[in-house]
Amino acid sequence: MKILMVMNAKGVGGAELQFLELANYLAQRHEVHVIGLHGTGAFEKAGLDARLRPAAFPYKSGKRSLPQLVRAVRKGVSLRADVVLSTSFIGNLVALAIAAPFGTRRISLQTVSKAMAYPALDRWVLNRFDGLVAGCKDIETYLLRRGHRQDRITVVSNWVDFSARKPSLSAAETRAKFGLGAETTLIGCIGRMHVQKGQEFLIRAFRKLAQGRGDLRLVLVGDGPTLEEMRKEAAGHPQILFTGTIQGEDYNNLLAAFDIYAQPSRFEGLPRTLLDAMFMGKPIVATAVNGNLDAVTDMAEGLLVPAEDAEALAAALEQLLQDRELRARLSRQAHESAEASFSAQQQLQKIENLLS
């Protein structure tokens, strides 16, 4: 089968990494071509299978983007794929332009329900797709409310290749590498610095928690448009560390070294960092939003709190700090749930089955 995959490749986040993991998986048995729009960041930072045939069409926003989008469509048309698989609004739009003249089967991966810039146009485009893959139950609900038919929607949970989540250093070695004390209690959060992720509420919660506790540290991993705003929020607090983007072995090692993992998002799809933390057996505090609810049940895999509520975050973190037995129980359940429900192999196979 010849498969064409179309994505916004300007930068790399969980959705982009997941889409390229799917491309790598499909390339083992099919001829796969990938078109990247807007930039090349996703291609540069992801490990692409040598069998893939990526083509990048970088541009800046505005009228300058039109010539590159036209070239991308021409490239896609020339490939005459059996199926076109796309993600992101611009990726879906280009995929429709490529596939519609030939009646080519087209499927879109939907990764988040709260960030549609052009909801009416997005609905018009998606109504012309043969199938929609929702990354969590909340996205399925959103699509149904937007008028999409149930028989065109398949829920395939976001996934992680847990075989790649093995730390290469001990927690003590990792703490030494990052200048973190061996006896320090680490609260960690991994995610791009963006209004979606709500790191400011975690910083405010931590400032309250850390009063009189010199053994606590908050580690914030990631870059993005709100980084400077978050630095200002944390200004003057030496127990808050910003690491920037971390990948590969450093990502695995630092996540494994955390004592508690926090996910303070305003809204989500189903964040892979949360699934990673579950697999590594971290006691979790997460906001009760969207796809987080597919992964975490309150007092089972972690503690759930309302979004945008620093007081509730602080109270839940305090509960974990005070109750070692609760931390251990949540850790075990989170690991077992991640292995049972969110492994890459089982989810990727579901998508491959939809393509034929």
message: How much accessible area per residue does region 160-203 have, counting only protein heavy atoms and a probe of 1.4 Å, in square angstrom?
response: 43 Å²
task: Could you state the angle between the C-alpha long axis of helix 14-26 and the longest principal axis of the C-alpha atoms of the chain, as a value from 0 to 90 degrees rounded to the nearest 10?
output: 50 degrees
- request: Rounded to the nearest 10 degrees, what's the angle between the helix 65-79 long axis and the longest principal axis of the chain, both from Cα atoms, 0 to 90?
  value: 60 degrees
- line: In degrees, nearest 10, the alpha-carbon axis of helix 310-322 is tilted away from the dominant principal axis of the alpha carbons of the chain by 60 degrees
task: Rounded to the nearest 500, what is the 222 nm mean residue ellipticity of the chain from helices alone, with -39500 (n - 2.57) per DSSP H run of 4+ residues and division by all residues?
output: -12500 deg cm²/dmol
- request: On the protein heavy atoms, probe 1.4 angstrom, tell me the percent of accessible surface of region 307-356 carried by carbon and sulfur.
  value: 43 percent
task: Take the solvent-accessible surface of the protein heavy atoms, probe 1.4 Å, and return the percent of it on region 202-304 that carbon and sulfur atoms account for.
output: 47 percent
task: Multiply the residue separation of Lys232 and Asp323 by 0.36 nm, subtract the distance between their alpha-carbon atoms, and state the gained length in nm to one decimal.
output: 29.6 nm
statement: With x for Gly and Pro, the residue-by-residue ³J(HN,Hα) of region 335-349, computed from phi through the Karplus equation 6.51 cos²θ - 1.76 cosθ + 1.60 at θ = phi - 60° and given in whole Hz, is 4, 4, 5, 4, 4, 6, 10, 10, 6, 4, 4, 5, 7, 5, 4
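The values are calculated or read from the model by the stated rules, or taken from the named source; none is laboratory data. Owing to the predicted nature of the structure, the values given are computational and were not obtained by experimental measurement. We work out accessible area using only protein heavy atoms, side chains counted, and drop any ligands, DNA or RNA first. Shrake-Rupley method; radii C 1.70, N 1.55, O 1.52, S 1.80 Å.
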